[in-house]
Every structure is written in structure tokens, then in C-alpha cells.
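Reviewing the structure listed below.
The values are calculated or read from the model by the stated rules, or taken from the named source; none is laboratory data. All of these numbers come straight from a predicted model, not from anything done at the bench. So basically every Cβ, Gly included, is an ideal-geometry build from the backbone, and we count neighbours across all protein chains shown. Please note that ligands, DNA and RNA were not included when accessible areas were found on the heavy atoms of the full protein model with its side chains. Shrake-Rupley method; radii C 1.70, N 1.55, O 1.52, S 1.80 Å.
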Amino acid sequence: MSETKADPSSSCFIPRAPFDDASADVILRSSDGADFHVHRLVLSLASPFFKDMFTLPQSNSESPVTLPAVQMSESSHVLDMALRFWYPGAEPIPRQTLDEFRDMSEALIMKYDMQFLVPFAKKHLREYLEEDPVAVFGIACRHEWREIALGSAKCCLRLPLRAFESAPPTQLKYMAADTYHILLHYHSECAKVAAASTSSLQWAPYQDIPGADCPNWTDPHICPRAGHWTFAHNTMAPITAWLAAYLRCLTDELLRCPSAPLDTPELLGLPISKMGSCSSCAVDGYASLMNFVAVLRQKIEGDLNAVELMLDF
Ligand SMILES: [Zn+2]
């Protein structure tokens, strides 16, 4: 970046108001040659970087008709977006892509040290949490925004991140390998914790178990069982085959996606069809399964909240 004399821009991009203001006293020239007319005082107040630059002795060769220009490394697109994010009187760009947000936040916060923008940038980044949590995690770690990193890592638990038959997240090229490793390790630990709640029911009181009160438990032809399981308080009791089938499928799913929904048609189809063979379970099996799913959801969420994300900031 250097300060030079302004000359006509070669860029196709023509900055709009307020970056064409006649009262401007400096030009920011983009890497592709677009000239943004701005005020030194505004830049100095916003950025220690520009404050230092403008307190340096200025050239005596400035003429009243030719503004000094600062050569920037950002493209006209990034510079326009970055300035519009905060410059007084500028209309912000309503919706950016995450790629654009990354470029913009790198420039404004990391390069030009505009720390006052951090709360706005965090609020903006949170809006992408549902849409692309992997990318949000990468950006949050780059800025060392711990709370957003944790929130996005939790959202990533809905994705099969460690299933290598699927395509890699598109944002990986912007993320350091050790940062992604932290996310994968967290995902793996959460998978173990979530699956532990469905592969064993030692945490659950037997009276809360679907099918526990089925009167046909002595007749495996009517209500098939899948062996004895251990429940809370070391209670051992038979479990219905339909509940065991549900738990088996769910365990596989939680190992892939630790925050997978527990009540998808794919998961519920098999137990519902199996419970129909028992006259008692056919009547109240579905309701008791739904009650159990609600309890299970709380149990898994509580256990996942206890898993630590090993951030180093
Ligand atoms: Zn039954």
C-alpha cells in the first residue's frame, strides 16, 4: 500500500455515493483501479491503521485539484462492501455471501484494526449459522470469537462431517488443518456421548421405557422381545423388539450425526410397523415412544453440552 497521486481509474467499477463526495480529501484506490473518495478524518477515527498513516508527514506536492491516493490491495468489490459496512452515510450491501463476509472482515478487523466493528460483525456472522456452520466455525476461529465457534460447532453436529463418502465442506480451503481437526475431534467425542445414550439405557428408569407395561411380555409370538437390558437402579428387564430396533438404527445415526433428529420417518417406520403385531403396543406404543423420545432428546442435549470444544483461544 502506498500513497500516490490520483489519476483516472481504469476499473469498470464506479463507486457510488458517498464515495464520490466532492469534499473528500483522500482517495482509496482498489487493486483494480477504482477510486473511492473518502475523508481522512473518518478513516482515522475508525482505524488506528489509517490514523497512523495520515499522521505521517504528507507530501508538499499535493495540489488542490489532485487528491492523494492510497493504493489498496483489496478489489473494488471488497473495498465497496467493506466501506459500506460502516462508513457514515453509506448504504450497506443487504446480503453478502460468506465468502464476501470473510474477505470483508479480514480487511476491516484484522488488517485495518477496526475493533469497534467486532460486535456488528459477530451479529452478522451469526445469521449464517444455520446455513453453513462449518464456514462460520472457520471464520469464528480465525477471529478467535469463542462463543460463535462453540455455537457453530454445535450446529455442525447435525452434519455427517466424518462420513468421508460425502463431499468435503466447500469452505475447507479457507480453514487451517488444525482448526478443522478441533472440529472433527469435537464431533467424534459428541458422537460417542450421544450414541452411549441409545446403546445402553442404564440412565433410564424402567417405568419410562416404551412397552414396559405391555401385558403381552410373556408371549414372544405376540410381542417379541430383544433380550434383557439393564435400566436405572440396576433393574434388568426384557425390552420390546420394536424399541430395540429403533434404538439400533438411532445409535448408527447418532454416530454419524450426534445431533440428528430422533423422530424422522426413517427411524420411526420400522418400530411402528413392528409394534402393530402386539394388540397392546399397537394402542399406546407410539405415544409412549414419543414420550421417551422427548426424554431422550433432553438426555442427549445435556450430555452434549458437557463435551468440551478444545479451542486454543
Ligand atoms: Zn407389546
Self-check item: Of all DSSP beta bridges in the chain, antiparallel share, percent nearest 5
Solution: 75 percent
Quiz item: Which value, to two decimals, describes the C-alpha radius of gyration of the chain once divided by 2.2 N^0.38 Å?
Solution: 1.50
Self-check item: Distance from the range 138-211 to the range 240-281 (C-alpha centre basis), Å
Solution: 22 Å
Self-check item: Equivalent-ellipsoid semi-axes of the range 196-305, from the Cα gyration tensor, Å, largest first
Solution: 22, 16, 11
Quiz item: In 5 Å bins starting at 0, how do the alpha-carbon pair distances of the range 241-313 split up by percent?
Solution: 3, 14, 24, 22, 14, 9, 6, 3, 2, 1, 1, 0
Quiz prompt | Heavy-atom accessible area order for H124, H37, H181, largest first, 1.4 Å probe | solution = H181, H37, H124
Practice problem: With a 1.4 Å probe and every protein chain left in place, work out the accessible area per residue of the chain in Å², rounded to a whole number. | Solution: 51 Å²
Quiz item: So what is the 222 nm mean residue ellipticity for the chain from helices alone, if each DSSP H run of at least 4 adds -39500 (n - 2.57) and you divide by all residues, rounding to the nearest 500 deg cm²/dmol?
Solution: -14000 deg cm²/dmol
Quiz item: In degrees between 0 and 90, to the nearest 10, how far off the longest principal axis of the chain does helix 265-275 point, with axes built from Cα atoms?
Solution: 10 degrees
Practice problem: Please report the relative contact order for the chain, taking Cα pairs under 8 Å with a sequence separation of at least 6, and give it as a percent rounded to a whole number. | Solution: 13 percent
Self-check item: Dipole moment magnitude, nearest 20 debye, the chain about Cα centre, only Lys, Arg, Asp, Glu C-beta charged
Solution: 640 debye
